[in-house]
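The values are calculated or read from the model by the stated rules, or taken from the named source; none is laboratory data. Please read these numbers as outputs of a predicted model, since none were measured by experiment. Cβ: placed from backbone, ideal geometry, glycine included. Neighbour counts: every protein chain shown.
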């Protein structure tokens with residue numbers, strides 16, 4: 001009897017092993033457990049049109065030959081500072097003559113850059129240790145002419161653009177065409193009024209000494 005039981009157990013055992021191999025879950029490979037991650041596509045930003053920038057490539061207005069300003073100095077004895085308190089005019093060579101410091105290039109510099117240049121020159125020449133230069137610029141102008149209703153010279157401000165300048169003189173007259181010339185440092189660029197109104201981001205910022213001619 002015991003012999004029959006053992007034979008039956010041996011006969012059933014292969015089917016038990018087969019059932020386990022079929023119905024038992026297979027171990028997952030580590031690579032199968034990883035969740036695929038989609039890489040983000042690079043953001044493509046639209047290109048912006050190049051603006052008619054100032055000659056020195058600065059975001060602020062730069063000095064040019066013929067510009068005038070007043071200079072105030074501090075960080076030194078009052079009697080020494082007094083000799084700097086005078087109007088300065090940038091010469092044809094683009095430089096100014098500063099007391100005790102001599103010739104300093106000024107054309108192409110912004111107001112803050114020229115202030116720092118004067119301070120560095122005074123320190124570099126070992127004239128003063130801690131000078132502070134402050135430049136006061138008077139009115140600077142932009143000229144608007146051509147086929148406009150009221151040709152005029154406008155006081156420059158940092159937010160003055162070509163469209164706002166044209167509007168300030170009453171806009172184009174009955175003979176005006178679409179093109180507007182912007183002349184800066186003997187270089188001319190032509191803009192379309194219609195295109196600027198359609199896309200104000202292309203409206204160029206103006207700088208002192210600019211000349212606008214409505215065609």
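Restricted to the stretch 150-163, and to residues there that are outside any loop (DSSP other than H, G, I, E, B) and touching a residue at least 24 places away in the same chain (Cβ under 8 Å), the residue that is surrounded by the most Cβ atoms within 10 Å (Cβ to Cβ) is 162. Scan the stretch 105-114 residue by residue and report those that are crowded, with 18+ Cβ neighbours inside 10 Å and closer than 15 Å to residue 136 by Cα. Residues satisfying the conditions are 106, 109, 114. Tell me whether the stretch 135-143 contains one or more residues that are surrounded by 13 or more Cβ atoms within 10 Å (Cβ to Cβ) and under 30 Å from residue 77 (Cβ atoms). Looking through the stretch 135-143, at least one residue is surrounded by 13 or more Cβ atoms within 10 Å (Cβ to Cβ) and under 30 Å from residue 77 (Cβ atoms). Every test in (1) farther than 16 Å from residue 69 by Cβ; (2) free of Cβ contacts under 8 Å to residues at least 24 places away in the same chain; (3) surrounded by 15 or more Cβ atoms within 10 Å (Cβ to Cβ); (4) in the same structural domain as residue 72 (by TED's automatic domain parsing) is passed by residue 102 save one, and that test is (3). Among the numbered conditions (1) surrounded by fewer than 16 Cβ atoms within 10 Å (Cβ to Cβ); (2) in contact (Cβ under 8 Å) with a residue 12 or more places away in the chain, the only one that residue 120 does not meet is (2). Residues in the stretch 120-128 include none that are closer than 26 Å to residue 207 by Cα and either within 25 Å of the chain's Cα centre (by Cα) or not in a helix (DSSP H, G or I) (or both).
The number of residues in the stretch 168-189 that are touching a residue at least 24 places away in the same chain (Cβ under 8 Å) and within 30 Å of residue 111 (Cβ to Cβ) comes to 9. For the stretch 191-215, a tally of residues being in a strand (DSSP E or B) and over 29 Å from residue 68 (Cα atoms) returns 2.
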